[in-house]
Amino acid sequence: MPRIRHTAAFALISLAALGLTGCGSGDPATAPAGAAGPAAAGGEIPTDDVVSSVREDKTAAKLLPADVRASGTLTVATAVGNPPSSTYLPDGRTVAGTDIDIADAVARKLGLELKREVASFEAILPALGSGKYDVGTGNFGVTDERRGTIDFVTYVNDGQGFAVRDDSTLRKVTDLTQLCGLTIGTGAGTTFEVTLEENRHRCSETGHEPYRVKTYSDQGATWGSLQQGRSDVVMSTINGLRYAVEQQRGVRFLNEFKRLDVGFALKKGSPLAPALRAAVNGLEADGTYERILRKWGITASAIETSRISPPEIR
């Protein structure tokens, strides 16, 4: 859902945001959806290996298109910078996150070598249509609008939520008209920007000052705008918000607003979809899927089964 430039590990981004202003709790299996678990505790990014033990599933691999099976590779474009979905380790080069582990495990399940290229969020979906990449990852939410041109293979459930500074009087946003007159910071080219723009007119229709939408291509800049008071609210992914507020002082997660399935993005009609779905379901069956989500503190975002381009959650 959100886009981000590949800059540095999220811990460093958070510190930078804090510097501008002054400048995933307990068992994640029982934590609320997206609650901070080991991925957020102490500000450290987990590095335990939960993928290398995955073995090829011959049945799933047989579903691969002939050209992919012959090449032995899976080309994946990854948008990095919205932990726990994706981030950089402190070396500034190594990527990590839920998207990373799941994609790596799926490639192993299919007996393929994964070739990953970091790309900006907004560039990935158009590039799929051109055939530049086989698959895109970036916490892409499954919406009916996107399903018109892109296929998805789901692997987690996330969605839209809000965060504010501790001094905010907002307690829960159940309707976007509650934001009238405020400034909302969010990622450019995301479902959040679309949702906000599509509903902005409702403020005027109810006699209120419209809210203002500020978009950023960098997650650190989004949080910096909140910390500095240039934004009143941040709208982003549920899991990302829960993770982020554990890394920064003076901000709090407000509430979930809307749930969305998240999936691998593929060119419309891609013959890869059945193989990817079989691989994800195979990871669920052998326990790898749960281990990945537990590692990143988002077990409550697990799905029961992977699906191809399901309808948007309403």
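The values are calculated or read from the model by the stated rules, or taken from the named source; none is laboratory data. All of these numbers come straight from a predicted model, not from anything done at the bench. For neighbour counting, all protein chains shown are included, and Cβ atoms are generated from backbone atoms with ideal geometry for every residue, glycine included.
Data table
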read-out	value
Residues of the range 166-185 satisfying the condition of being charged (D, E, K, R) and more than 25 Å from the chain's Cα centre (by Cα)	Asp167
Test for Val106: is it touching a Gly at 6+ places or on another chain (Cβ under 8 Å), assigned by TED's automatic domain parsing to the domain that holds Gly282, buried (at least 17 other Cβ atoms within 10 Å of the Cβ) and closer than 20 Å to Ser306 by Cα	no
Some residue of the range 118-131 being assigned to a loop (DSSP other than H, G, I, E, B) and either among the aliphatic types (A, V, I, L, M) or in the same structural domain as Cys203 (by TED's automatic domain parsing) (or both)	yes
Residue within the range 110-123 that is of a type outside the set (A, V, I, L, M), in contact with a His (Cβ under 9 Å, 6 or more places away or on another chain) and at pLDDT below 95 present	yes
Of all residues making up the range 44-95, the number that are at pLDDT below 95, at positive phi and exposed (fewer than 12 other Cβ atoms within 10 Å of the Cβ)	1
The one condition in (1) outside the structural domain of Val80 (by TED's automatic domain parsing); (2) aromatic (Phe, Trp, Tyr); (3) in a helix (DSSP H, G or I) that Tyr289 fails to fulfil	(1)
Candidate set from the range 149-189 (those that are of a type in the set (A, V, I, L, M, F, W, C) and in a helix (DSSP H, G or I)); member that is farthest from Leu125 (Cα to Cα)	Leu179
Residue count for the range 292-308, restricted to those that are in a helix (DSSP H, G or I) and either β-branched (Val, Ile, Thr) or surrounded by fewer than 17 Cβ atoms within 10 Å (Cβ to Cβ) (or both)	2
Enumerated strands (runs of 3 or more DSSP E) restricted to the range 190-269, each holding at least 3 residues that are surrounded by fewer than 24 Cβ atoms within 10 Å (Cβ to Cβ) and at pLDDT 95 or above	212-216, 251-267
Cβ-Cβ under 6 Å pairs, at least 6 apart or on other chains, the range 191-210 side closer than 18 Å to Val234 by Cα, far side in a helix (DSSP H, G or I)	Asn199/Leu176; Pro210/Cys203; Pro210/Ser204
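Here's the yes/no breakdown for (1) in the same structural domain as Ser71 (by TED's automatic domain parsing); (2) among the hydroxyl-bearing types (Ser, Thr, Tyr); (3) modelled with pLDDT of 95 or more:
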position	(1), (2), (3)
Glu145	yes, no, no
Thr169	no, yes, yes
Gln178	no, no, yes
Gly187	no, no, no
